[in-house]
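Below you'll find the structure, written out as structure tokens, and then a few comments.
A short reminder: the numbers here are calculations on the coordinates, not readings from a lab. Every value quoted in this text rests on a predicted model; they were computed, and no experiment measured them. Virtual Cβ from ideal backbone geometry, glycine too; neighbours counted across all protein chains shown.
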Amino acid sequence: MSDIRPHEIKFPLPEPEDASLYFIGRIHTPWTDRKDCPRQGRQDGPECRVEIFEPWVQALKGIEAYDEVELLYWLDKSRRDLVIQNPGHSEDTFGTFALRSPVRPNPIGTVKAKLVSVEGPNLIVRGLDCLSGTPLVDIKPDRCQFSPKASPKP
């Protein structure tokens, strides 16, 4: 990608060294184009489906006991080569690490989502801000909820 905004700075990407990720699922949202995607998710936003792949479905056991979950996802459509960015909503420039932009050297997105329901291998959530088809990296209970609402059933 060579199209950059005024005052942005990019660098040549190094070859990957050692990281391997296992995508554990796929996120399904109403958004297929980045311009339609919200800048940040809202917990009163639309319901979205988080599909979990086998063999990871069994790892959902007990997740229904939480009100919120943190999703980590791979922003596979994002560029990775900008160190200085000029956000579309601002005249100023910022370093990549000073922004929540999806443009990152390792484009990992995070969101705290409202857990609406668990339907087999699917989580129904609100509060997402990613494109439909985004690969899922991990799920964690909300870090501020140190324990589930109730003890999970055995």
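Between ASN86 and LEU72, the simple spin-label model (points 7 angstrom out along Cα→Cβ) gives 3.4 nm. Residue separation of ASP44 and PHE11 scaled by 0.36 nm, minus their Cα-Cα distance, works out to 8.1 nm of gained length. Between PHE53 and PHE97, the FRET efficiency estimated from the beta carbon spacing at R0 = 41 angstrom works out to 0.85. Using a cutoff of 8 angstrom between alpha carbon atoms and counting only pairs six or more residues apart, the relative contact order for the range 21-141 works out to 45 percent.
Computed over the chain with a Gaussian network model linking Cα atoms closer than 10 Å, the most mobile of ASP142, ASP129, ASP36 is ASP36. Within the listed set ALA65, ALA113, ALA19, the residue fluctuating most in the Gaussian network model of the chain (springs between alpha-carbon atoms under 10 angstrom) is ALA19.
How big is D, in µm² s⁻¹, for the range 21-141 by Stokes-Einstein at 20 °C and 1.002 mPa s if Rh is the Kirkwood radius over C-alpha pairs? Approximately 143 µm²/s, per Stokes-Einstein.
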